[in-house]
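Colleague: My questions all concern the structure below.
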Amino acid sequence: MWYFAYGSNLNSRAVNEWCRHFRLRPPALKGGRPAVLDNYRLCFPIYSEYWGGGIADIVYDPGKYVAGAIFDLTEADLRILDQKVERKLDPSGREVGVYKRIEVKVSPLGRGEPLAAITYQGTSSDRYHIPPTQHYMDLVIQGAYSFGLSMMWIAYLQSFSTQQGRKPRGPGWADAASKM
């Protein structure tokens, strides 16, 4: 099934590092193709303890677009990404995590018909900007470069305010730090 990546999941190295940190098999994020999601805009309204700042989300906004990449992934690969983005379902199957899966139509750049794809959207209704760390934005920008996204899109990514931060850290970091 097609998956559209637009944030840190654009950077396969960042995904692989997260998977290694949590002892999971990384999804096959190889052979991605650049694509555009119309009528959405990129924002950073979600705080991530792992990243230490805001993380990417998309909001429906007619006339705007989000550039990213599409990948042909298995359901098993998507379940790994579900864990990374903290997608959770309650017993009735309702989305209750940080992100939910949504179906979108994306247009591959260059050639090809629009495709139905899965992507993630935050479940929170708050839309305040939480500056991402410079480290996080650098990873998103590196991912954008790696898929040949336009210089205009990369300049747009660079225009977001960021904060000084730290390298990512996952659960248990405080326990490990107290043992040093």
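Colleague: Right, ALA56: at pLDDT 95 or above, closer than 18 Å to GLU86 by Cα and among the small types (Gly, Ala, Ser) or not? Reasoning before the result, please.
Modeller: Working: at pLDDT 95 or above: yes; closer than 18 Å to GLU86 by Cα: yes; among the small types (Gly, Ala, Ser): yes.
So ALA56 passes the test.
Colleague: Looking at LYS105, LYS100, can you tell me which residue is touching a residue at least 12 places away in the same chain (Cβ under 8 Å), closer than 16 Å to ASN9 by Cβ and in a strand (DSSP E or B)? Let's see the steps before the verdict.
Modeller: Details: LYS105 fails: closer than 16 Å to ASN9 by Cβ.
Just one listed residue meets the conditions, LYS100.
Colleague: From the residues in segment 42-72 that are open to solvent by 70 Å² or more (accessible area, probe 1.4 Å) and under 19 Å from HIS135 (Cβ atoms), which one is nearest to the chain's Cα centre (by Cα)?
Modeller: The extreme case among them is TYR47.
Colleague: Only one of (1) part of a strand (DSSP E or B); (2) open to solvent by 70 Å² or more (accessible area, probe 1.4 Å); (3) in contact (Cβ under 8 Å) with a residue 40 or more places away in the chain fails for LEU37. Which number is that?
Modeller: (2)
Colleague: Same structure again: Failed condition for GLU75, given (1) open to solvent by 10 Å² or more (accessible area, probe 1.4 Å); (2) at pLDDT 95 or above, with all others met?
Modeller: Just one mismatch for GLU75, condition (2).
Colleague: Within segment 17-30, identify whether any single residue is in a strand (DSSP E or B) and surrounded by fewer than 22 Cβ atoms within 10 Å (Cβ to Cβ), and answer yes or no.
Modeller: Looking for residues that are in a strand (DSSP E or B) and surrounded by fewer than 22 Cβ atoms within 10 Å (Cβ to Cβ), one finds none in segment 17-30, hence no.
The values are calculated or read from the model by the stated rules, or taken from the named source; none is laboratory data. The model shown is predicted, which means the values in this text are computed figures rather than measured ones. Note: ideal-geometry Cβ built from the backbone for every residue, glycine included; neighbour counts use all protein chains shown. With ligands, DNA and RNA removed, areas are computed over all heavy atoms of the protein, side chains included. Shrake-Rupley method; radii C 1.70, N 1.55, O 1.52, S 1.80 Å.
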